[in-house]
Each structure stands twice: as structure tokens, then as C-alpha cells.
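Here the structure is laid out as C-alpha cells; the discussion comes afterwards.
Derivation of every value follows stated rules applied to the coordinates shown; laboratory data play no part. Because the structure is a prediction, the values reported are computed rather than measured. Neighbour counts are summed over all protein chains in view; Cβ atoms, including those assigned to glycine, are modelled from backbone coordinates with ideal geometry.
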Amino acid sequence: MNTKAKAKTGSQIKVITGNAAAAIGAKLARPDVVAAYPITPQTEIIEQISKFHANGEMDCELITVEGENSAMNAVMAASLAGGRVFTASSSWGLVFMYDAILATAGARAPVVMVNVNRETPGIIAVSCGQQDMISTRDAGWIFLIAETCQEVLDIVVQAYRLAEDYDIQVPVMVHYDGFYLSYLSEVVDVPLQEDVDKFLSVLKDQPERTKLVPGGRLGCGTHGILGGYLELRHKHMSAMERSKAKFEEIDKEFEAIFGRSHGGQIEKYRMDDADVVLVGSGSMCGTIKAVIDEKRDSGVKVGLLKIRMYRPFPSEVMVEVLKGKKAIGVVDRSLCFGFKGGPMYTELKAFETQLGGSKMISFIDGIANTDITQANVEQMIDTTCDLAAGKDVREVTWVSYPEANEPDSEKPDSEKRGGL
Amino acid sequence: MTEKKQGKLTKVLDYLKHEDPFSKGVAFCPGCGLELLLRFIPQVLGNDIVITGTPSCSAPVLLGQNNQSWHTLSYFGTLMTGAAANATGLARYYRKAGIKNTVVCFNGDGTAADIGFGNLSGAAERNEPFIYICYDNEGYMNTGIQKSGTTPYGASTTTTPLGSASKGKNLRRMNLALKMAMHKIPYAATATLSDMGDLAKKLLKAKEAKERGFAFLHVFAPCTTGWGYAPENTIEVCRRAVKTNYFPLWEAVNGKIRMTKTVKKPKPVSTYTKLIKKFAHLNEADLQILQDDIDYEYCMLGGLSALEGECQLPVSSED
Amino acid sequence: MSSNKFLKHEGPWSDANDPLMCSDTGSWRTKRPVVDKEKCIFCGFCALYCPIQVMEMVETSHFLPDLGFCKGCGICAKECPKDAISMKPEGDFQK
């Protein structure tokens, strides 16, 4: 239950799924062009939008494309022509549009899309996992992650404010867990259209971004040559850095109108006096918060750092709040091929020397719909407390696959048979 | 001294109502069919077209370098895999915003027939409001003359080269234009550079048809470098392609096919192939296979156009 | 602040309101078209078929190529119905 949902006078409280929340968030932003292609567990989003469109509730061009690659290409072009756009995908669909995802970021088209996290790539699976997000993290997009259905709706609306900001102009992808959030119904405070219009109207007062217009004599997609290429890349990198502070600003703007804040780049839960911290993202944080409350009742000083903005990686604020903590357990819902620990763990580890001696370990869990249960979270907290107490602890724990934690688990099959 | 015989300026030049928006000095091979086509299109359709281009022989000229451009058209340079989807996004947004436009999605046969066919077919099925022009030089020329889906039987390319175990491409080409006509779009047509008046008319028909939905033009544009013929023969190669029924000229309105030029006594395909080095290795038996393929396609076309009166696509009030 | 040394916009946009690029394609030639203006009937096919569109009208008398850009492909000579154009080696015109 999302205790943050506060009824603002006149807004509607509904019990809706994460997918419905995403669809409503997109609808409230009034996109000009929407590209729709289904894939589990996102399908309900585009079905919902199609219904809105069929009932005249959404005045947009709805393109029922023949594949995800076309979905991204269509919205990218519409965005560069000056339009506000939306699309959604997941997993295999996301990677099918990979070339277009890269092109969109390179062209600095302010596209907003939703990705419902699902396992991919490599093994056929129709289950939750953040591997699809990890597979596309270097595309140059801003990545935001939602924990609750309320946050899904709110982040989608905020994503437009961020992507289309004149000082940013970087596409934004909103992630949330498939199956756990996509199909889960929660209480959601659905904002009024006029309030969303007001929130986004700030963009109208800004200078107009470059657009592709007939007879305009401008061309998008010029070759980047040497210094020009570097200049474009540098502008892009700089815009991504700026989006960190911008997202904090936007959170405040949002709170002023809608009366709620989810935090900016991160959310801190009972962290100020914590000795031990779990770092996580997405729906697992709801479970983690519940277990933290129980642990706190028995005197364990544990807190949660919830990553909301994953790209750009919010290293500065994370270092600031983690400095001096005794032990940190990073929970990854994905794998980082070629590294032992999970991806977020590996990324945070790069800043370990700035933490003033905090120790870090990696937990891998929630892969392919293996639930991150309260018992699992307790185990993670206990292990991290052991680390804080100076005990000998595994660097990487596969929480739901204990076989991985056995000694010699990495030995090859041939060795068990007596060698090659 | 005899009086100089005064002729009349060809009426085809009347179609060139607009400026040529391209710089005079651009990097196309001497005699390039693509260059002729690319300069022709905006002179007929206007300089306010929005043209999309992908990696291809047209890319080094259609797309700029850093801030600078080779032409004054609004363009969108993107990938082969999504060219038609890009054009869809542009055309749909302009429609939503009430911006008058002619989006021209300009691609080679590599994009149209192969890597970008999926989204071309999707855009046609959805009847998207833009013009798709495929310039067919029968291969991936920009990367160095590799075979494509429209490369004809027997042609030598760098991925179907001649060798002790190979006589060039041993597969028949696919007929892209006919496939597109079967999408029941408002307009599909073939055209080439030896019949520029016909090409101009078809460009204008495509522009008009775009108001009702998808328009597709398949333009036969030979490649002197890739095919191996003297640059001066570019137009003659087109002419012979038409005269041998190697590349018949037809159009389809709402899927109804009619020939726009009927060749009464088509010459054998060897009249065409003997001009071009990529066919030079073919013997009589090989040429017969190519001839049979041409005849089969023409027979299909002939049959479909003969049904003109019989097969009617009901025209809805929105057409 | 971001530099605009190479490009004027945030993203990869080129601007044709600025001077266009232009290559010296006239220097590619190994032969050039020579027009016999007496034979020329001013039909305009050379102008129509020239891929670079460099055949320019001289009043209503005949056409002449802009040699700054003519690549010497020979299409004009080949297509002229009156054989009024012949391709001569570039070397003949070197000083």
C-alpha cells in the first residue's frame, strides 16, 4: 500500500495496475504521436491507450506499427519534427529497437518511453528482471525507475518535463518491474488534466528546440566528423550530467503542484542514522522497507537507498549519503556479464574509495520472477550486518540460487567428469 | 551553308518547375543514374519536400558533414532498418500539427527490398501518407557492389563473384514493385531515366496520391561503376531495359495495374546484357534462364493488367 | 558552456542557410564535351539527361556545359539526337 497517496482536492483516487498508471500518465501528457506494439508484460499499456484513442479521449496519431523497431523509429522522427511522443516496450522488444534507441539519443530527440522490465536477452523467459534495462544502459538515455504504481504515473509525467527541457533534450526511459508492478493494482492518486497541463506548461515558456520542418533548410542526422563528432558527444554527456540537478528541481516543481515528492535521484529510507544500508531499485524496495521497519523494531540500524535515477548514475548524492556507513549491500535484479557482482554493485564499487572505509557486497536476486521475499531481505540485511561486524562474508550472493554460493560452483562440468 | 534546322525544346523540361537544390559539385560517379534522379525529384516536386536518407550511395550527398550540407532540402538521415518508420513518424506528426508537407522516403534497393522491407511493408499496409522512392541499382553499391534482393540472375557482384565454382548470382531477383502494388496502396509505379517525362508524371501522381495514403515509386537507376558499362551509356542502358521488358513501365492505382508503356516487339534480353560487364560471362543457356525470368514476370504483369476491368478494389469514401 | 565550434545546434543538425559544400568535380574529367552550335537544334536532351544538370542555355541557340563541374561522363554526347556534341580528351585543352 502506497502511504504517500494523498488525495488532492478534486483529483481521483483509483485502484489501478502499473500498466494502467503508465497509460494514464502518457495520456495526461497529451502526446501528439504514439506508436503501439504489444509485448508481455507491457501489452495492457498500449491496449489502454488504444481504447482512450478509440473513445476520443486521446487526440493523438496512433500508429499500430508492425514491430518495435518501427515504433522507436516512428516516434524518434515525430519528436524531431517537433512532436511530443510516447511508446512502450519490454525485453526482446526493447532490444529489437536497439539501433533506433541509439539513434534517438544521438539525435537528442526528447522521446519518452516506458520499459516494463522483463528478463532478456539470451534465455527465453516471460518473467521479471532488470536485464533488459542493463542491456541498454549505455545507449545515452536517461533511465528512471519506479517502485509503486503511483510512482509509475508520476515519473511518466515528470519524464516529459525532463526530456523536453531546453537545457536537457535527452530521451527518457521509465522502467518498472514487469509482473510485480505491471499487473499489480495499487491505490493511485490520478492527477487532474489541468494540473498536468500546468506542470508541463513551463516548457512552453522555454526557447523552441530545433525542429525538422518543410522548407526549413535544416537537416537532422548529419555526419559527425572528427571535432564535430566529439562536440556532439560532449554536449550529450554534459546534458546528461545536468539532468541530475534538473531532476531534483522537477521533483520540487511536482510537489508544489501535486502535493507529493518521491525524492529526486534517490530516495532515502531511514538512512540518516543507519549503520547498514541496502541499495536497491524498483518494486523490491517496498518489501525492503517493510523488513527494515521490523528490523528497526529489534534495534538493527538499517536503512535503504533507493535508486530512482539510474542513468546518469547518481554517484555524487549516493556517495554523500553512504559515506561513513559501516556496510552496504547492493541488490541487483540482473547480472553483469564478465563481472562477479551485479551491475549496480559494480558501478557503485567504482566510488568505493570515496566512502571513507564502507565495505560493500553484492546480492543478486529477483531474477526471472524468483520472488525477493521478506525472508530473502532479512538474509541480505543479516549478511550485511555480519560484514559491518567484521565477519568473513561472500562478496557476491545469489540469494535465490544457493548452489551458486557453494564453493567450487564455478568449476566446469568436465572437471566433475574427471577432466577434458 | 545550309540553314540550321531549329528544333523545339523538349516538353519534358517543363516539368522542372523548381530550382535544383543540390550543390553543383557532389561526389557521385560520372554518369551516375542516382545523381540524375536525385536532382530531378525536387525540381519536379519542389524544394520544400522533406527527404529521408539512409546509409547508401545517396548518403554522402543527402546527409551533411557537421554543420554543412550539400543541398538546401530539409532532410532526415537515419538507418536502413527503419527508414519507412521514420518517414511515418514525420508524416503523421505533420498531419497532426496541420503542417503541409511532402515527405519523400528515398532509399536504394538494399534498404527497400532487404534490410528495410519489413517496415516498408508495414507503412504501406497502414497506408501512411508519404512517398517512398526506391532507386534500384540492383545491389549494395555504397559498400562496394554486393548482391541484393533485386540483383538479377547471373549478375557478378562481390558477394556473388565469378570463380571456378560460381557463375554469379544463381538466384532469381524478386519483384519489389509488384509486391508493393499488392499492398493495395493508392499508387505504385515503375519508372526509369530514359523516360523522364513518364518519371515526372509519376512523381506528380505520387504526390497527389499521397493525400490519400501511401505512394511507391520504383525507379530503375543503373550504376556505371558497379555494373561495368561506360558512363555515357546510362540512359541507353535504361532504354534497353524497357525495350527488352527487363524493366517494364507500369502503374497501379489502388492495386489496379496498367502498363504505361507497352513494348510491341520486345527485344531479347541479350540486347540489354551485352552492354553490361556484370553479365559478360553468361553463355546462351545462362542467358535463357534470365530471359525466362523476365518473361515470367512480364507474363504476370500482363495477366494482372488485363484484369483491369474485372478486379476492382471498392473505393471507400475516404479514398 | 557548450562549444558551438563545429555545429550550431544541440544535436546533429546541418544548416543549409549557411553556404553549401561544393567539390571541384570539374577536375575529375579526362574528356570534355564540345558542342557544335551549328548542329545543335536546341532540343535540350543534353540538359535533361546530364546527371549534374550543368548544360546551360545560350539564348535560344545552343547549350554549353559548365566546365567547372562537368565530370566528363559523355551522356550528353551519347544522347544528342544530332551528334552535335563530341567528347574530346582533356589533354587537348591543357595549356
Counting other C-beta atoms within 10 Å, and keeping those with at most 11, which DSSP coil GluC sites (Glu not before Pro) do you find in segment A:316-419?
A:Glu410
Residue with peak Gaussian network fluctuation, chain A [Cα springs, cutoff 10 Å], from A:Phe337, A:Phe247, A:Phe351
A:Phe337
Using only the alpha-carbon atoms, how far is helix A:227-258 inclined from the longest principal axis of chain A? Give it as 0 to 90 degrees, nearest 10.
90
How about A:Lys235: which lysines have a C-alpha closer than 20 Å to its C-alpha, ignoring those fewer than 8 places off in the same chain?
A:Lys211, A:Lys244, A:Lys246, C:Lys5, C:Lys8
Where the eigenvalues come from the Cα gyration tensor of segment A:364-407, what are the semi-axes √(5λ) of the equivalent ellipsoid, largest first, in whole Å?
19, 13, 6
Given an 8 Å cut-off on Cα distances and at least 6 residues of separation, report the relative contact order of chain A as a percent.
15
Only bridges whose two residues both fall in the protein assembly as shown count here: according to DSSP, what percent of them are antiparallel, nearest 5?
35
Build a GNM of chain A with springs between Cα atoms under 10 Å: which of A:His234, A:His262, A:His175 gets the top mean-square fluctuation?
A:His234
Once the mean of 1/r over all distinct C-alpha pairs in chain B is inverted, the Kirkwood radius in Å reads 20.2
If only Cα atoms are counted, what is the Rg of segment A:12-258, and what is its Dmax, in Å?
17.1, 54
How many angstrom lie between the Cα centre of segment B:31-85 and the Cα centre of segment A:161-220?
30
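Which whole-number percent is the relative contact order of chain B (Cα, under 8 Å, 6+ apart)?
On the way: 612 pairs, mean separation 47.4, N = 319.
Computed value for chain B: 15 percent relative contact order.
Show me the ranking of peptides B:167-175, B:127-135, B:78-86, C:16-24 by mean Cβ neighbours inside 10 Å, starting with the highest.
Working: B:167-175: 17.4, B:127-135: 24.2, B:78-86: 27.9, C:16-24: 14.4.
Going from most to least packed, we get B:78-86, B:127-135, B:167-175, C:16-24.
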Segment C:64-95 residues near the modelled C:Ser27 label - backbone nitrogen below 20 Å, point 7 Å along Cα→Cβ
C:66-73, C:90-95
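Determine the shielding of peptide B:222-235 by partner chains: average, over its residues, the number of Cβ atoms on other chains within 10 angstrom of each Cβ. Intermediate values should be presented prior to the final figure.
Numbers: counts 0, 0, 2, 0, 0, 0, 0, 0, 4, 7, 10, 5, 7, 8.
That average works out to 3.
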Selection from A:Met133, A:Gly106, A:Gly390 lying farthest towards where the dipole of chain A points positive, charges on Cβ:
A:Gly106
Taking each pair of distinct Cα atoms in segment A:309-378 once, what is the resulting Kirkwood hydrodynamic radius in Å?
13.0
Determine the shape class of chain A: with a ≥ b ≥ c the square roots of the Cα gyration tensor eigenvalues, call it rounded for a/c under 1.5, and otherwise prolate if a/b is greater than b/c, oblate otherwise.
prolate
Computed FRET value (nearest 0.05) for B:Ala165 with B:Ala97, which takes r as the C-beta separation and R₀ as 56 Å:
0.45
For the charge dipole of segment A:28-97, defined by +1 on Lys and Arg C-beta atoms and -1 on Asp and Glu C-beta atoms about the Cα centroid, which residue among A:Ala36, A:Val95, A:Gly82 has the Cα displaced farthest towards the positive pole?
A:Gly82
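Within a 10 angstrom radius of each residue's Cβ in B:30-39, how many Cβ atoms of other chains show up on average? Whole number is fine.
Numbers: counts 13, 7, 4, 2, 1, 6, 8, 1, 1, 4.
Whole-number average of other-chain Cβ neighbours for B:30-39 is 5.
Let me confirm one metric for peptide A:186-194, namely the mean number of other chain beta-carbon atoms within 10 Å of its residues' beta-carbons.
Numbers: counts 0, 0, 0, 0, 0, 0, 0, 0, 0.
That works out to 0 on average.
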For a test of the definition: using alpha carbon positions, the gyration tensor, and the 1.5 limit on a/c, classify segment A:189-272 as rounded, prolate or oblate.
oblate
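Given DSSP loops and a limit of at most 13 other Cβ atoms within 10 Å, what is the longest stretch of chain B that contains no such GluC sites (Glu not before Pro)? Display every interim value, and only then the final one.
On the way: sites that count: B:Glu3, B:Glu19, B:Glu211, B:Glu310, B:Glu318.
Between the exposed loop sites, the longest stretch runs B:20-210.
To the nearest 20 debye, what charge dipole does the protein assembly as shown have about its Cα centre, counting +1 at the Cβ of each Lys and Arg and -1 at the Cβ of each Asp and Glu? Please report the intermediate quantities before stating the final value.
Numbers: 94 positive and 100 negative charges, 580 e Å.
Here the size comes out at about 2780 debye.
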Starting from the eigenvalues of the Cα gyration tensor, five times each then square-rooted, give me the equivalent ellipsoid semi-axes of segment B:246-314, largest first, whole Å.
30, 11, 10
Relative to the compact-globule scaling 2.2 N^0.38 Å, provide the ratio for the alpha-carbon radius of gyration of chain C.
1.50
Mind pulling the angle between the C-alpha long axis of helix A:374-388 and the longest principal axis of chain A? Nearest 10 degrees, somewhere in 0 to 90.
60
With charges set only on the Cβ (+1 for Lys and Arg, -1 for Asp and Glu), what does the dipole of segment B:92-226 come to about its Cα centre, in debye to the nearest 20?
380
Based on the mean of other beta carbon atoms within 10 Å per residue, what is the order of A:190-197, A:206-213, most packed first?
A:190-197, A:206-213
Please enumerate, by chain and number, the lysines with C-alpha under 19 Å from the C-alpha of B:Lys261, excluding those fewer than 8 residues away in the same chain.
B:Lys11, B:Lys201, B:Lys202, B:Lys205, B:Lys243
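I need the shape label for the protein assembly as shown. Rule: rounded when a/c is under 1.5, else prolate if a/b > b/c, else oblate, with a, b, c from the alpha carbon gyration tensor.
Values: a/c = 2.28, a/b = 2.12, b/c = 1.07.
It is prolate, given that a/c is not under 1.5 and a/b is the larger ratio.
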Compare C:Lys71, C:Lys31, C:Lys39 in a GNM of chain C, Cα atoms joined below 10 Å, and give the one with the largest fluctuation.
C:Lys39
